[in-house]
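The values are calculated or read from the model by the stated rules, or taken from the named source; none is laboratory data. What you are looking at is a predicted structure, and each value in this text was computed from that prediction instead of being measured. Every residue, glycine as well, gets a Cβ built from its backbone with ideal geometry; the counts of neighbours run over all protein chains shown.
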Amino acid sequence: MQLREGSYFIQNQKVTDLAERFGTPLYVYDGEKIIQQIQSIHQAFAGIDLKIKYACKALTSLAVLKLMRKHGVDLDVVSPQELQIGLRAGYAGNQMNFTPSGVSFDEIEFAVEQGAFVNLDNLDVLEKFGQKYGSSKPCMIRVKPNVAAGGNAKIMTAHEGSKFGIDIRQKAEILALVEKYDLKIVGLHQHTGSDVKEASAFIEAASRVFEFAYDFPDLQCIDLGGGFKVAYKEGDYTTDMEKFGAELSGFFREFCEKYGRNLQLWFEPGKYLVSECGYLLVSANVVKEAPGRTFVGVNSGLNHLIRPMMYDAYHHIVNASNPDDSEQDVYDVVGYICETDNFALGRTLNKVKANDILAILNAGAYGFAMSSQYNSRLRPAEVLVLNGEAHLIRQRETLEDVLRNQVEIDV
Ligand code: LLP
C-alpha cells in the first residue's frame, strides 16, 4: 500500500474506492507482491535445483492458487480438501505434497491415489504404508529435528515436545520399517515453525536433517518446510532471503556432494508468500469516547482475523480515509464480536471518524483462511488486484451460507 497524492493505493487502486466498490469488511490481495516474493526466493537460491511448495493453508483461494501455479509454484496441502482445491486450481496430483498431522490412513490412501507425495509423520502410518504399498509407491518422511524456534509457542513445530513428525532419534525404528517393507523414501521433510526469527534455527534444523539423510539412498529431495519471517511491525525483523539463500545454498551443495547426488531442495512458505500482500479493509462503525480512552469499533472482529486474539499478534493499522498525519490520536481498535476481540490497544492513528476505512495490514496469511461464522456473521468478500485490475475472487457470504446444512426439525 502506498501513499500517493494524498491517497492510499494498492497498485493503481485507491483503497477507499475498493471499499466503496466491493463493500467492507473486505480482504484485498496484491498479486504483484505475491509474484515479487516468489521471485525473491528463486533469486536467493539461484543455481540450486529449488522447488517452492506454497503452504496453501495460509490462503486457499482458487485465484491465488492459480497465480502460484502460473509462476511455477507447487503446493503443500494438509487435508484431502486442500488437495482437491489444488486439483480444481489446475494442479496435477504430483505437483502437491500432502503433509498432514496424525490423520487416518484413508486420507493417506486418497492422496496416494491422486498421485501426491505423502509426508508420513509417525511409525504406525509408515508401517501401514509399507503393508499396503511396499516399494510400489514412493513416500516421504517428516522428521522432527528437536529445534525450538518460531514466533510464539503456539506456532513452533520442531521442538522436543511437539506432536509433529517422527523424532529424529527414532532413526533405527524408521530404518527397520524401511528394510522390512522395502520402502522407497524419496524425500525427507522438516518444518521448524512459523514466524521464525533466527536464520540460524533453519540452518541448525537443516544440518540435522542432512546428517539424518545419508542412510536413505533413494532420496530425490529435501523439504525444509516454511516459517520465514515477515515484518508485522515497523522495524520488525524479516528473513533476509538473499543472505539466507547464500548461506544455505553453500551448505546444501556440500551436503549433496557428500551424499553423492544432486537433490532437489524444497521449501513450503505460507506467510512469506502471502502475508504482506493482504489487507483487511474494515469500516469504523463507531468512535466511542470513554474516560481515558477512545474506542474505534469496526465492522469486523475475531471472526475475520483471529491472529491478534489467538497469538497476541501485532497487525499494523492505517486509516485509509485520512492520510493527514498532522492530527493523530490514540485508539483501541476493537471488533464487533461479543468477546473481547481487540485488534489493537493504545494505537496511534490519524484521526478517525465514523465510516472511515481502516486497513489492517499483513492480513493475507492465516486471515481469511482462519475466519469463521461466529456470532452468525458473514465472511468477507475477497479481491485480488492483478495487473492494475481489481477482481472479485470470493463473494461476501449471505445468511443462506450461514444456514446451509442446518436441518430444520419440528420440536
Ligand atoms: N509447512 C508446514 C508443514 C506447516 O505446518 C506450515 C505452517 C508451513 C509449511 C507454513 O508456515 P509459514 O511459512 O506460513 O510460517 N496460524 C499461524 C501459523 C500456523 C502455521 C501452521 N503451519 C499464524 O497465523 O501465525
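Residue-wise test of (1) touching a Phe, Trp or Tyr at 6+ places or on another chain (Cβ under 7 Å); (2) within 16 Å of N285 (Cα to Cα); (3) outside the structural domain of G367 (by TED's automatic domain parsing).
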position: N303; (1), (2), (3): yes, no, no
position: N322; (1), (2), (3): no, yes, no
position: S326; (1), (2), (3): no, no, no
position: D329; (1), (2), (3): no, no, no
position: D341; (1), (2), (3): no, yes, no
position: K351; (1), (2), (3): no, yes, no
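Within segment 148-173, the residues that satisfy the criterion of being within 17 Å of G102 (Cβ to Cβ) and either of a type in the set (V, I, T) or not assigned by TED's automatic domain parsing to the domain that holds V125 (or both) are T157, I166. Taken over segment 96-106, the residue count meeting the criterion of being within 16 Å of the ligand (Cβ to nearest atom) and surrounded by fewer than 19 Cβ atoms within 10 Å (Cβ to Cβ) is 3.
Scanning segment 160-186 for residues that are more than 22 Å from the chain's Cα centre (by Cα) and either part of a strand (DSSP E or B) or within 11 Å of the ligand (Cβ to nearest atom) (or both) gives I166, D167, K184, I185, V186. Of the residues in segment 8-21, none is closer than 18 Å to F368 by Cα and surrounded by fewer than 16 Cβ atoms within 10 Å (Cβ to Cβ). Scanning segment 200-232 for residues that are closer than 17 Å to L265 by Cβ, in a helix (DSSP H, G or I) and away from the ligand (no atom under 14 Å from the Cβ) gives I203, E204, A206, S207, R208, F210, E211, F212, A213. Out of V230, V298, one residue alone is outside the structural domain of V118 (by TED's automatic domain parsing), modelled with pLDDT of 95 or more and aliphatic (A, V, I, L, M). It is V298. Residues in segment 271-313 that are in a helix (DSSP H, G or I) and among the hydrophobic types (A, V, I, L, M, F, W, C): L273, V274, M309, M310. If only residues of segment 261-295 that are small (G, A, S) and within 12 Å of A58 (Cα to Cα) are counted, the one that is surrounded by the fewest Cβ atoms within 10 Å (Cβ to Cβ) is G270. Once segment 146-203 is narrowed to residues that are aromatic (F, W, Y) and in contact with a helix residue (DSSP H, G or I) (Cβ under 8 Å, 6 or more places away or on another chain), the residue that is surrounded by the most Cβ atoms within 10 Å (Cβ to Cβ) is F202.
Listed conditions (1) more than 13 Å from the ligand (Cβ to nearest atom); (2) aliphatic (A, V, I, L, M); (3) under 18 Å from I141 (Cβ atoms); (4) surrounded by fewer than 23 Cβ atoms within 10 Å (Cβ to Cβ) are all met by A63, apart from (3). For segment 284-308, which positions are hydrophobic (A, V, I, L, M, F, W, C) and in contact (Cβ under 8 Å) with a residue 40 or more places away in the chain? Answer for segment 284-308, where residues must be hydrophobic (A, V, I, L, M, F, W, C) and in contact (Cβ under 8 Å) with a residue 40 or more places away in the chain: A284, V286, V287, V296, V298, L302, L305, I306.
Do we find that L87 is in contact with a Leu (Cβ under 9 Å, 6 or more places away or on another chain) and aliphatic (A, V, I, L, M) in this structure? The answer is no for L87.
Scanning segment 365-373 for residues that are in a loop (DSSP other than H, G, I, E, B), away from the ligand (no atom under 16 Å from the Cβ) and touching a helix residue (DSSP H, G or I) at 6+ places or on another chain (Cβ under 9 Å) turns up at least one hit. Restricted to segment 108-159, and to residues there that are of a type in the set (S, T, N, Q) and farther than 19 Å from Q81 by Cβ, the residue that is nearest to the ligand (Cβ to nearest atom) is T157. The selection criterion, being of a type outside the set (F, W, Y), surrounded by 23 or more Cβ atoms within 10 Å (Cβ to Cβ) and either touching an Asp or Glu at 6+ places or on another chain (Cβ under 9 Å) or not assigned by TED's automatic domain parsing to the domain that holds I393 (or both), does not hold for E257.
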